[in-house]
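Data first, discussion second: the structure below is written as structure tokens.
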Amino acid sequence: MSETVVIAETKQGMLHSVTAELVSAANALGSAPTVIIPGTSDSAAAAVAELAGVGRVIACVGDCFSTYDAASWAKAVDTCAPAGIVVCAASQNGKDLASRLAARRSISVVQDVVAIDGSTLTQPIFSGKAMQNIVLSGDAVISIRANTFAAVGEGDGAEVTVMNQSADIATAVREMIAKANERLDVAEADIIISGGRGMQDPVNFVDLERIADALGAAVGASRAAVDTWDEIPHSMQVGQTGKTVNPSLYIAVGISGAIQHLAGMRTSKYIVAINKDAEAPIFKHADYGIVSTWEEALPILESELKALLG
Ligand SMILES: Cc1cc2nc3c(=O)[nH]c(=O)nc-3n(C[C@H](O)[C@H](O)[C@H](O)COP(=O)(O)OP(=O)(O)OC[C@H]3O[C@@H](n4cnc5c(N)ncnc54)[C@H](O)[C@@H]3O)c2cc1C
């Protein structure tokens, strides 16, 4: 039988109790496993080392483990984990990681295993209406359902090795996306400043963001802006095929006021429109209208807000 490797289940950097069941499953496959702990610190490693039946422990540390991402976790774990039968928890992330790891290693994946007898694995199929037996003939990644194997108790303490997996580009991109997502969603905001095609370039949305930051507002967009510029995501779109919003204040900048846009924001308590065309339909629905280019109007609005809000 091949070596067994357990990927410890962690939650917010802490060891999840199901890990003791994974060790038990690995023992049923015939060997004391190497336990890999994906994490940002090696503190959870000591707890695993105390479990009975553990061969050795590898604390696989790195920035990429701060938030779950299948691709970078699988890459880092793949580097740390020796070849063999890999055992993960059948949690949402565990099953995801199992598939990724199996694909990276070009080996089979067996999900939701509930029993092990030698090299025979049992998994439920057809929504649990039947059980299927699979005989392993080589390395594989298997995920184990919680509460199906008795947790192992305390052991003598296994050797712990720390392996550092440094950050990669994917981690940096994820952090950037996470930061971008910190901005308030239009559906939740009480104040929204939206830009339309009249903003002329997605870069100019920075001007809207500065005002949004001053007001604690969300930045929205018209469909024309979303459709024209890849940089403006659909999550920002207000209107019939975007989000319906109902803020206290809606500021429409360079937006004509098409019926489909109005459908998503006309119930706003106060509507302010900035448009260089005095005939733009948005003015018929605005409580306050500023006939001007945004290039002229936004700096004045920004400095007035700064003076007002301190
Ligand atoms: C089935 C369907 C669903 C749709 N769903 C949506 C939806 O959910 N949301 C949505 O928004 N649209 C939706 N649309 C599209 C909608 O019909 C309009 O095409 C869209 O709202 C127009 O966006 P806009 O106002 O940004 O662009 P435009 O109509 O091109 O208006 C740009 C405005 O900017 C002004 N402008 C130009 N330069 C400046 C400047 N320097 N300073 C100030 N103002 C300037 C112009 O005077 C003009 O009024 C939908 C359409 C269809 C057919």
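The values are calculated or read from the model by the stated rules, or taken from the named source; none is laboratory data. Quantities reported herein were computed from a predicted structural model and do not represent experimental measurements. Backbone-built Cβ (ideal geometry, glycine too); neighbour counts: all protein chains shown.
Tell me which residues, restricted to the stretch 154-202, are acidic (Asp, Glu), outside any loop (DSSP other than H, G, I, E, B) and modelled with pLDDT of 85 or more. So that I can check it myself, show each step before the final result.
Taking the stretch 154-202 first, the residues acidic (Asp, Glu) are 154, 156, 159, 168, 175, 182, 185, 188, 190, 201.
Subset that is outside any loop (DSSP other than H, G, I, E, B): 154, 159, 175.
If the condition is that a residue be acidic (Asp, Glu), outside any loop (DSSP other than H, G, I, E, B) and modelled with pLDDT of 85 or more, then Glu154, Glu159 are the ones that fit.
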Residue list for the stretch 1-34, filter: surrounded by 22 or more Cβ atoms within 10 Å (Cβ to Cβ) and without any contact (Cβ under 8 Å) to a residue 60 or more places away in the chain = Ala8, Pro33, Thr34
Output the residues belonging to the stretch 111-137 that are surrounded by fewer than 16 Cβ atoms within 10 Å (Cβ to Cβ) and at positive phi.
-> Gly118, Phe126, Ser127, Gly128
Conditions: (1) surrounded by 15 or more Cβ atoms within 10 Å (Cβ to Cβ); (2) within 12 Å of the ligand (Cβ to nearest atom). Pro247 meets all but one. Number of the miss?
-> (2)
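Each row is one residue, and each column tells you yes or no for (1) near the ligand (Cβ under 10 Å from one of its atoms); (2) assigned to a loop (DSSP other than H, G, I, E, B); (3) of a type in the set (Lys, Arg).
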| residue | (1), (2), (3) |
| --- | --- |
| Ala214 | no, no, no |
| Val226 | yes, no, no |
| Ile232 | no, yes, no |
| Ser235 | no, no, no |
| Gln240 | yes, yes, no |
Flagged in the stretch 267-285 as more than 9 Å from the ligand (Cβ to nearest atom), crowded, with 21+ Cβ neighbours inside 10 Å and not in a strand (DSSP E or B), in numbering order, are Ser268
Sort out for me the strands (runs of 3 or more DSSP E) sitting completely within the stretch 84-135 that have 1 or more residues that are more than 24 Å from Phe65 (Cβ to Cβ), free of Cβ contacts under 8 Å to residues at least 40 places away in the same chain and assigned by TED's automatic domain parsing to the domain that holds Ala28.
-> 108-113, 115-117, 120-125, 130-135
